[in-house]
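Trainee: Pasting a structure here, questions to come.
The values are calculated or read from the model by the stated rules, or taken from the named source; none is laboratory data. All values reported here derive from a predicted model rather than from experimental measurement. Glycine gets a Cβ as well: all are built from the backbone with ideal geometry, and neighbour counts include every protein chain shown. The area values use the complete protein model at the heavy-atom level, side chains included, leaving out ligands, DNA and RNA. Shrake-Rupley method; radii C 1.70, N 1.55, O 1.52, S 1.80 Å.
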Amino acid sequence: MRKLIWNGLVLGGLIVGCAHDKAKQEPVEPDVAAESPSGGDVKPIPSGPPEEEAAKPSEVLPLVVMPNPQPKDAINIEGAKVQGNVLALNVSHGGGCAEHTYTLGWDGQFQKGANGTPVANLVLIHDANGDRCKAMKFAELGFDLSPVSERLTALTGKTGGQAVLSLPGLSIPVQYDF
């Protein structure tokens, strides 16, 4: 029994020692913002999850109206907010070995909310393309909400209004004013 414990301690020490030496050998990335001659034109890229007040996503994806949209691969919705006609979603999921695609699906129907506000039940469809890697990936996605406002305008005849956007995995629905 002592031999087993001793071997475990030695093996653990080797693993920790190798991991520590490897960290010493990796080159340190230079601070680009500090070396910038313009003094602030270059912004560092965050390495963790997007911040709550991050800028709008660079690419706005369409909201796809389809019959009975269903989720595909696992994804976590960390946060959601409406910025104009764009639904910004902060998401996280496992992966790292293949390109992932995202689609926001809607069946084109509204339900009545508790206070009479129309509710659009949206579904975030994540396709991992068979990626079985375990790295935690973060993304900020943007989806065009024009189909929701166009549909409500056609139903009510009003050019402005409110709708509630509900997504599975989102604890609090988001209000959309158009």
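Trainee: So which residues in region 79-122 are open to solvent by 50 Å² or more (accessible area, probe 1.4 Å), within 16 Å of the chain's Cα centre (by Cα) and polar (S, T, N, Q), if there are any at all?
Mentor: Scanning region 79-122 gives a single hit, Thr101.
Trainee: Also, I was wondering about something else. Let me confirm something: among Arg132, Arg151, which residue is farther than 19 Å from Pro62 by Cα, open to solvent by 20 Å² or more (accessible area, probe 1.4 Å) and either touching a residue at least 24 places away in the same chain (Cβ under 8 Å) or among the small types (Gly, Ala, Ser) (or both)?
Mentor: Result of the check over Arg132, Arg151: Arg132.
Trainee: Restricting to region 99-129, name every residue that is over 25 Å from Gly161 (Cα atoms) and either free of Cβ contacts under 8 Å to residues at least 12 places away in the same chain or in contact with a Phe, Trp or Tyr (Cβ under 8 Å, 6 or more places away or on another chain) (or both).
Mentor: Listed by number, the residues that qualify are Ile125, His126, Asp127.
Trainee: Here is a check on your reading of the model: is Ile77 assigned to a loop (DSSP other than H, G, I, E, B) and of a type in the set (A, V, I, L, M)?
Mentor: Taking the combined requirement at face value, the residue does not satisfy it.
Trainee: Separate question: Pull out all pairs, ordered by first then second residue, where Cβ-Cβ is under 6 Å, the residues are six or more apart or on different chains, the first lies in region 75-98 and is farther than 15 Å from Leu122 by Cα and of a type in the set (Val, Ile, Thr), and the second is modelled with pLDDT under 95 and open to solvent by less than 10 Å² (accessible area, probe 1.4 Å).
Mentor: Hits for this filter: zero, empty list.
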